[in-house]
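Working notes, beginning with the structure itself.
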């Protein structure tokens, strides 16, 4: 048998090979609000904003912020991060199974000698099973992978604390549990899983349940982590709004029945991972007397009965069934109590896969007995799973193909159509958005969001009046299904046409619907600036920067407002912050140079204007300012050269930055 170190290296090689063709996949679905359009990830040192935005997924958000620091929006680094976490989790599955075969109950069992091989096979099944591709290749689902990593870490550390009677491992397990609950909510079941593990493998016959619970008390205290974080959640910043979902939840009978069917589907996907889909068009249950419901109930009752039947003689198999029920329980409860059209996702099976991988490995080792048969069967299964994973990852690596496949498999769902629209917008392929919006209308013409995307398409094509018409229709006829961005876009167009009262009310409505829409605050600030209402402008610019500290126009607007009020000290401070945050943007240097020129500090102004030219040497206005400075300093040759350069650029028609002390109002959501 290979050493643990060799197993670790082997898992790395297998994992990298299997997921290599998914590393170029673009942002898709929730990646847009979670990463691409999320200001919180743009500074991994801004712990407060990451905390407020991600809440119970703080560590996931922090990992994305580190990715952004290293790679910006290059998806390669994000994908690599997910693959690394997946491989580490697979190795922990190996360690977990090895330790399980060292527990008192299994020490005397014949199967114990095969424990290291069963551990390796379990880790490989977990690593190569195609159902895992969504959890790994879907960037946002790093939350799932990372949560599973902490989940398994907590279990491994707890088992070591019991086997070695070392309380330090227990404290480390508690810490891993807390960290898991700051990664994704599914880790809430860690204490229940450890309790089940105690009962199955560690508890002695002399111990009663009360004694076991007392030992597990520190772990059960970790259950307070998620509720405490949700209590501290601020709606204006939260990316998930979990607290509101919980407070508004109630029992839905049809959802409950649908979740029963979903458990059956999950079991099918574990055993037979074919016809995978990013966004299933899953049918809602019709009632208790539906044949599908009774079929699902019979399967679940059979599995529950197996737990009792296998407990004495095949306890590890019994535990694997319990693992499935515990790790799917939270999603079952959420799906029952929170109304949503998203009822099933493949990444929900990422953690349940651990139980299935162990179950399949143990079952085949016991059933086949012959080493040759075991080798043949596992070679076949792992090879088949690997081929399916490589194929599925080839689809994940081509985002447009992934979305179009989803549209083909779920032809009655609008969400894949919106995903394709977002992809084309992200890639600036505006000529292709028209066909997408037409498909959305064909599927459902009674949704405001469809008129919104049609309006965006017209706007990108320069058809402003047609765009306004679509935005207006969405609001007037379908307000309940019209996104906040529709109000913002309409306000933006009215702002451009100088209908300031309309623009003002629409901006405010977009903020009411989406308090995290930073550009709406910024554009209100711009609107008030043009009216000379500087105090109101400053207030809205500050709110812009609360939501998005890296909002360039918001920072520029705040600095400009201070300067126009004669508060040069605060204006200079904000421009300096702007330069720190955007050292490659010329605007901060230019406007700060103008302030120092007005204050008579010609040398400082010259230094800043030269920095502008280092970034953009085709700005005639900067050459004009430099000419004035050189005349003041009696450096006539340089002054004349600067004037000639300015004239030449103006004759060439070079664009100049006309923002001066007033930011553009063309912020985008």
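Scan segment 325-335 for residues that are touching a helix residue (DSSP H, G or I) at 6+ places or on another chain (Cβ under 7 Å), surrounded by fewer than 23 Cβ atoms within 10 Å (Cβ to Cβ) and within 30 Å of residue 110 (Cβ to Cβ) and jot them down.
Residue satisfying the conditions is 326 alone.
Only one residue in 403, 358 is in contact (Cβ under 8 Å) with a residue 24 or more places away in the chain, in a helix (DSSP H, G or I) and not assigned by TED's automatic domain parsing to the domain that holds residue 91, so which one is that? Spell out the reasoning first.
Values: 358 fails: not assigned by TED's automatic domain parsing to the domain that holds residue 91.
One residue alone meets the criteria, 403.
Report, by residue number, each residue of segment 571-591 that is farther than 17 Å from residue 620 by Cα and buried (at least 22 other Cβ atoms within 10 Å of the Cβ). If you could, list the steps in order and put the result at the bottom.
Here is the first cut: in segment 571-591, the ones farther than 17 Å from residue 620 by Cα are 571-584.
Residues satisfying the conditions are 571, 574, 575, 578.
When you scan segment 158-246 for helices (runs of 4 or more DSSP H) that lie fully inside it, which ones turn up with 2 or more residues that are at pLDDT 90 or above and either under 26 Å from the mean Cα position of the chain (by Cα) or closer than 18 Å to residue 147 by Cβ (or both)? Give the steps one after another, and end with the answer.
Details: elements: 167-181, 190-197, 209-215, 217-221, 225-231.
By residue number, 167-181, 190-197, 225-231.
Which of the following residues is surrounded by fewer than 19 Cβ atoms within 10 Å (Cβ to Cβ) and assigned by TED's automatic domain parsing to the domain that holds residue 112: 260, 316, 338?
Numbers: 260 fails: surrounded by fewer than 19 Cβ atoms within 10 Å (Cβ to Cβ); 316 fails: surrounded by fewer than 19 Cβ atoms within 10 Å (Cβ to Cβ).
Of 260, 316, 338, the one residue that is surrounded by fewer than 19 Cβ atoms within 10 Å (Cβ to Cβ) and assigned by TED's automatic domain parsing to the domain that holds residue 112 is 338.
Can you tell me how many residues within segment 536-554 are free of Cβ contacts under 8 Å to residues at least 24 places away in the same chain and more than 32 Å from the chain's Cα centre (by Cα)?
Number satisfying all stated conditions: 1.
Which of the helices (runs of 4 or more DSSP H) found entirely inside segment 564-626 contain at least 3 residues meeting this: under 16 Å from residue 553 (Cβ atoms) and either modelled with pLDDT under 95 or touching a helix residue (DSSP H, G or I) at 6+ places or on another chain (Cβ under 7 Å) (or both)? Give the steps one after another, and end with the answer.
Values: elements: 568-581, 586-598, 602-615.
So the answer is 568-581, 586-598.
Looking at segment 503-510, is at least one residue on the phi < 0 side of the Ramachandran plot and modelled with pLDDT under 95? Even if it seems obvious, please write down each step before you answer.
Start the filter on segment 503-510 by keeping residues that are on the phi < 0 side of the Ramachandran plot, which leaves 503-510.
In the following step, the residues that additionally are modelled with pLDDT under 95 were identified as none.
No, that holds for no residue.
Conditions (1) over 30 Å from residue 293 (Cα atoms); (2) surrounded by 15 or more Cβ atoms within 10 Å (Cβ to Cβ), marked per residue:
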| residue | (1), (2) |
| --- | --- |
| 162 | yes, yes |
| 167 | yes, no |
| 194 | yes, yes |
| 202 | yes, yes |
| 208 | yes, no |
| 216 | yes, yes |
| 253 | no, no |
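Tell me, please, whether a residue that is in the same structural domain as residue 14 (by TED's automatic domain parsing), assigned to a loop (DSSP other than H, G, I, E, B), in contact with a helix residue (DSSP H, G or I) (Cβ under 7 Å, 6 or more places away or on another chain) and farther than 22 Å from residue 375 by Cα can be found in segment 106-124.
Start the filter on segment 106-124 by keeping residues that are in the same structural domain as residue 14 (by TED's automatic domain parsing), which leaves 106-124.
With assigned to a loop (DSSP other than H, G, I, E, B) added as a condition, the list becomes 108-109.
Next cut, in contact with a helix residue (DSSP H, G or I) (Cβ under 7 Å, 6 or more places away or on another chain) only: none.
Looking through segment 106-124, none of the residues is in the same structural domain as residue 14 (by TED's automatic domain parsing), assigned to a loop (DSSP other than H, G, I, E, B), in contact with a helix residue (DSSP H, G or I) (Cβ under 7 Å, 6 or more places away or on another chain) and farther than 22 Å from residue 375 by Cα.
Residues checked against (1) closer than 22 Å to residue 323 by Cα; (2) modelled with pLDDT under 95; (3) surrounded by fewer than 23 Cβ atoms within 10 Å (Cβ to Cβ):
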residue	(1), (2), (3)
73	no, yes, yes
95	yes, no, yes
104	yes, yes, yes
110	no, yes, yes
135	yes, no, no
141	yes, no, no
150	yes, no, no
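Scan segment 34-43 and tell me whether some residue there is over 27 Å from residue 278 (Cβ atoms), surrounded by fewer than 22 Cβ atoms within 10 Å (Cβ to Cβ) and without any contact (Cβ under 8 Å) to a residue 12 or more places away in the chain.
no
Go through 513, 517, 500 for me and flag whichever is buried (at least 22 other Cβ atoms within 10 Å of the Cβ) and touching a helix residue (DSSP H, G or I) at 6+ places or on another chain (Cβ under 7 Å). Show your work before the answer.
On the way: 513 fails: buried (at least 22 other Cβ atoms within 10 Å of the Cβ); 500 fails: buried (at least 22 other Cβ atoms within 10 Å of the Cβ).
None of the other options fit; the residue is 517.
The values are calculated or read from the model by the stated rules, or taken from the named source; none is laboratory data. Computed from a predicted structure; not experimentally measured. Glycine gets a Cβ as well: all are built from the backbone with ideal geometry, and neighbour counts include every protein chain shown.
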